[in-house]
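Asks: Quick one: structure below, then a few questions.
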Amino acid sequence: MQAIKRRSSGAGRFGSDPSLRPPAWQLWNMCLGLFGVQVVWGLQNVNTSRIFQTLGANVDELALLWIAAPITGLLVQPVIGHLSDRTWGPLGRRRPYIVAGALLTALALVAMPVATTLWSASLMLWLLTAAINIAMEPFRALVADTLPEPRRTSAYALQVFFIGAGAVFASALPWMLTNWFGLGGQSPGAHAESVGAAYVIGAVVLLATVGWSVATTRERPPEQLAPGPEEVPHPEVPSASGAAALVFSGIAWTAGGLALAGVTAFLGSARELYLVAGIAAIFGVLQFGAVLLRRSGRASIGMIVIVEDILHMPLVLKRLAIVQFFTWFGMFALWVYAIPAVAALDFGTVDPASPAYGESADWVGMLFAEYNAVAAVAALLLPFVARHIGRRACHAICLACGALGMLGFATMHQAHDLWLPALGIGIAWAAILSLPYAMLSDGVPARKMGVYMGIHNIFIVLPQLVAASTMGFVVRVPFDGHAEGALIVGAAALIVGACLALTIPSGRRSQEI
């Protein structure tokens, strides 16, 4: 034990021990699992609306049905980050959660396209998104655990390469199965054979790639994770002020949820807002419950620890939270409404059972494959650009490109021309999946990396939750049921995010509160 302590005291500063800098092939092994993870997300993003509409969902109900994705991310990722920060066993710190999440995801992936009712498909989406969040979150923290700060931008760019490659494969897979292997396409009231086969293939790919990463990656013990020079020790037992802040937060969330429900009932607003109101009120009540448990003698409660981490989060995370709200609001609009928008504008149909709609869905899958391919290539160039103009400016420019691309999807009436706006979306996607994580890992304590990565994800899923609760109303009322209206709103959100990205502090200022 004494030898371990001596080693950890000098090895914690990455630059002093070359052995802590893994060679390139080990980085590729570490990141390969994200190929399989993104195959799952790609299949979900392209085919979920198609599955729901095949089972009878209306276009203005899609956002509400998609709400499983943001809610499960909101709940799962901070908890998994908190638990993995405190885990060490035969598989290490992060890998046990990666393995468990991958196994659950594979089961849900096989089951979802077999669903024959809307409620069962929705249930499978809840299980699928919860499981894939368990598998995905530790991959981000694994890189931050392993690498020194100067190498993280390149490492997260490599992750985006695998994410992009996986999304290309997933997005194009139903089209390839239909056009190359002759599997059945769309038919009234039934899922396309190509979709079911694609989900089975995705499950196999997920297990193979995640299994390879887990088998070939070694984690460093927590004793070797030395705190950064600006880290302030955070007590395991919550402070009295933290508990008091939790009570105040509980009152605010509960009152806000009840108020929103009352206003929604009075104005007869979108029914989706009742869900937002209910979630807010429940979150407030849970905070009261956590305080009562503490006062009854429970000294360390995970929920209070996570909330205190939120209350003390670094400035870089606070600024990123605002940028991420507008960024992911816009991307959520694209994923939900791209297929119905392209089907209506370019294929002249709103009937999900028609052959033209199935053709448009396959074409959108190819466009999504394109933007993910662009992201995979662009991600390898981002470290070079970021070194010359800075991460903030690079991120802002990329988001602006994405806004232009989304406007193209909403306004162009020739399907074969949509490859051009897909380029802009791909550039934005490369930045979205890499630069925020590089900025975040530079600005948070090493021993809190997992939980802060999870907290960061809260500010990714909250905008998706807001979008899922409000975009149905936006499409239904201001845009009279036209799905392309949601893409216009999404483009505007990306423009706002691009402007706000310039306010994110550098790593050296990120510890200021």
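The values are calculated or read from the model by the stated rules, or taken from the named source; none is laboratory data. All figures in this text were calculated on a predicted structure; none of them were measured in a lab. Heads up, the Cβs are rebuilt from the backbone with ideal geometry, glycines too, and the neighbour counts pull from every protein chain shown. Each accessible area value is taken on the protein alone, full model and side chains, heavy atoms only, with ligands, DNA and RNA left out. Shrake-Rupley method; radii C 1.70, N 1.55, O 1.52, S 1.80 Å.
Asks: Report the percentage of all Cα-Cα pairs in the stretch 374-444 whose separation exceeds 20 Å, rounded to a whole percent.
Replies: Of all Cα-Cα pairs in the stretch 374-444, 32 percent lie more than 20 Å apart.
Asks: Using r as the Cβ-Cβ distance of Cys499 and Val477, and R0 as 22 Å, what FRET efficiency do you calculate, to the nearest 0.05?
Replies: Working: r = 27 Å, r/R0 = 1.23.
With R0 = 22 Å, the Cβ-Cβ based efficiency is 0.20.
Asks: Next up: Using the Kirkwood radius over Cα pairs, work out the Stokes-Einstein diffusion coefficient for the stretch 363-412 at 10 °C and 1.306 mPa s, in µm²/s as a whole number.
Replies: 132
Asks: Could I ask something else about it? Give me the Debye-computed log₁₀ of I(q)/I(0) at q = 0.12, 0.22 Å⁻¹ for the stretch 319-390, equal point scatterers on Cα only, no solvent, two decimals.
Replies: Normalising to I(0) and taking log10 leaves -0.50, -0.98.
Asks: Bin width 10 Å, alpha-carbon pairs only: give the P(r) of the stretch 96-174 as whole percents, running from 0 to the bin holding the largest distance.
Replies: Values per bin, smallest distances first: 17, 36, 33, 12, 3, 0.
Asks: Mind ranking Arg140, Arg476, Arg392 by accessible surface for me, highest first, 1.4 Å probe?
Replies: Order by accessible area, largest first: Arg392, Arg476, Arg140.
Asks: Going highest first, how would you order 108-114, 277-283 by mean Cβ packing within 10 Å?
Replies: Taking the mean over residues of other Cβ atoms within 10 Å, the ranking is 108-114, 277-283.
Asks: Taking a cut-off of 24 Å, what percent of all Cα-Cα pairs in the stretch 309-448 are separated by more than that?
Replies: Working: 3827 of 9730 pairs.
That tail contains 39 percent of the Cα-Cα pairs.
Asks: Let's test the formula: R0 of 22 Å, r as the Cβ-Cβ distance of Tyr274 and Val247. What FRET efficiency results, to the nearest 0.05?
Replies: About 0.30, to the nearest 0.05.
Asks: Then there's this: Just to make sure I understand: if all protein chains stay in place, what is the order of Ile397, Ile488 by accessible area at 1.4 Å, largest first?
Replies: Ranking Ile397, Ile488 by accessible area, largest first, yields Ile397, Ile488.
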